[in-house]
1. Six or more apart or on different chains, Cβ under 8 Å: which pairs go from a residue in the stretch 68-87 that's at negative phi to one that's part of a strand (DSSP E or B) and basic (Lys, Arg)? Could you list them?
2. Can you run down the residue pairs with Cβ atoms below 9 Å, 6 or more apart or on separate chains, where the first is in the stretch 105-128 and on the phi > 0 side of the Ramachandran plot and outside any loop (DSSP other than H, G, I, E, B) and the partner is charged (D, E, K, R) and modelled with pLDDT of 95 or more?
3. Going by the conditions given, is Ile41 part of a loop (DSSP other than H, G, I, E, B), of a type in the set (A, V, I, L, M) and out of contact with any His (no Cβ under 7 Å at 6 or more places or on another chain)?
4. Can you tell me which condition Pro80 does not meet? The list is (1) at pLDDT below 90; (2) closer than 23 Å to Gly48 by Cβ, and all the others hold.
Amino acid sequence: MENSCSLFEQMIRELSSQCYYEPVCQEVLDRIGLLKENVFIPKIATRGSAGADFFAPEDIRLAPGDEIRVATGIKAHCHPFTRLSIVPKSGLGFKYYTRLANTVGTVDADYYGNPENDGCIFVKLRNEGQKELLIRRGEAFCQGIFEPYIPDRDYFNEDHKARSGGFGSTNAKA
């Protein structure tokens with residue numbers, strides 16, 4: 001049993017060394033109207049943190065019932081068989097009843113740098129509470145967690161098309 005744990009730990013170290021965040025290209029920042037100096041690379045806050053905090057590139061103000069799509073200005077490179085999960089900061093959920101529109105965002109390894117998509121990560125926030133929410137530029141508002149996964153056995157026996165595009169592109173009909 002000890003041996004399998006060390007192999008698992010070795011796999012995790014190898015996978016995590018090949019996953020990283022970087023700013024999106026200037027062309028994309030220009031297109032989404034985001035200044036390069038507003039982009040903050042996600043950071044792990046404490047030694048025991050599972051995720052890296054994503055920081056607001058500009059002030060975000062949400063009245064009760066409102067939602068907003070936030071261009072983070074960040075893309076993530078994931079090793080094959082690794083995904084990036086985007087989850088809300090728990091404090092925002094507890095204090096303001098703030099949620100991500102898709103509950104948990106999944107950034108696939110092939111979302112980054114495919115022919116029709118630079119890989120800019122967007123987050124859609126909803127204020128489902130009773131109080132106005134203000135997140136200042138540079139404050140943490142969600143977090144990203146790199147997670148390895150094991151594909152099902154058919155993955156190795158089937159032909160899979162290459163991704164081309166962003167949101168919804170893996171569900172596009174041929």
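1. Close Cβ pairs (under 8 Å, with a partner that is part of a strand (DSSP E or B) and basic (Lys, Arg)) amount to Ile68/Lys124; Arg69/Lys124; Val70/Lys124.
2. Within 9 Å, no pair qualifies.
3. Yes; evaluated as a whole, the condition is true for this residue.
4. (2)
Listed here are the residues, each with its yes/no results for (1) closer than 21 Å to Glu128 by Cβ; (2) in contact with a His (Cβ under 9 Å, 6 or more places away or on another chain); (3) assigned to a loop (DSSP other than H, G, I, E, B); (4) of a type outside the set (Ser, Thr, Tyr).
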residue	(1), (2), (3), (4)
Glu58	no, no, yes, yes
Arg61	yes, no, no, yes
Pro64	yes, no, yes, yes
Val70	yes, no, no, yes
Arg83	no, no, no, yes
Arg99	yes, no, no, yes
Thr103	yes, no, yes, no
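The values are calculated or read from the model by the stated rules, or taken from the named source; none is laboratory data. Owing to the predicted nature of the structure, the values given are computational and were not obtained by experimental measurement. All Cβ positions, glycine included, derive from the backbone under ideal geometry; neighbour counts span all protein chains shown.
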